[in-house]
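What follows draws every value from the coordinates through simple rules; no lab data is involved. Worth saying up front: this structure is predicted, and the values here are computed from it rather than measured. Every residue, glycine among them, receives a Cβ derived from its backbone with ideal geometry; neighbour counts consider all protein chains shown.
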Amino acid sequence: MTDRKPGGQSPHDMPPLAARSGPSSGVAPEFAVVFREHHDFVWRILRYFGVPAEAVDDKVQDVFLVVYRRWDDFDRRSSMRSWLYGIARRVAADLRRGTMRAERRLRAVPDPSPAVEPDQALAQIEAAEFVERFLATLDDDKREVFVLAELEFLTAPEIAAATGANTNTVYSRLRAARALFDRAVRRFAPELRRTHGQPR
């Protein structure tokens with residue numbers, strides 16, 4: 001059975017590359033590996049930047065078309081994910097300008113998972129809502145670093161390369177965001193116990 005990606009794309013649904021100006025010959029197999037391995041990451045980043053669900057598959061294709069055309073420009077000393085992040089951010093910004101969308105929309109994009117018990121499902125929903133509410137309280141800089149580090153598992157140097165921030169600045173923003181998150185969790189835990197009647 002063919003795996004399905006977020007938004008319904010198959011990992012083999014690469015953008016049409018025929019008649020496109022692109023890199024030197026012989027890179028197609030390597031490009032195909034990058035597409036399969038990083039498709040989901042690009043999809044989530046585009047959603048994070050507010051690309052609507054109905055447009056995200058097309059924008060993923062746009063990102064990888066840019067990757068293909070600029071393949072020879074990629075600095076192999078840097079992280080592929082940080083390069084993809086920068087391209088995805090520009091593609092999302094172009095879409096916002098083109099469609100007059102000025103605000104980002106943060107939405108959880110859960111991975112397919114087995115059926116869960118009602119109590120567990122409720123807890124997952126509440127946790128996701130808590131994270132969304134917390135992210136909404138952060139300024140843009142802290143939110144960006146927190147999402148990339150804690151949800152996408154990029155390292156500080158990768159985040160610095162992707163965002164253009166100094167590495168020390170990334171660490172500082174991440175420490176501040178984590179401290180705020182810990183504080184929010186401590187406030188949230190008593191509320192959760194009251195809701196579910198759990199003992200203190």
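A few remarks follow.
- Segment Glu132-Ala184, length gained on full extension (0.36 nm per residue, minus Cα span): 17.5 nm
- Placing dummy labels 7 Å off each Cα toward the beta-carbon, the span from Arg175 to Phe74 is 3.4 nm.
- For the listed peptides 168-178, 81-91, a ranking on the average number of other beta carbons within 10 Å per residue, highest first, reads 81-91, 168-178.
- Sorting the segments 46-54, 71-79 by their residues' average number of neighbouring beta-carbon atoms within 10 angstrom, most packed first, yields 46-54, 71-79.
- Net charge in the neighbourhood of Arg178 (other residues with Cβ under 11 Å of its Cβ; Lys, Arg +1, Asp, Glu -1) is +2.
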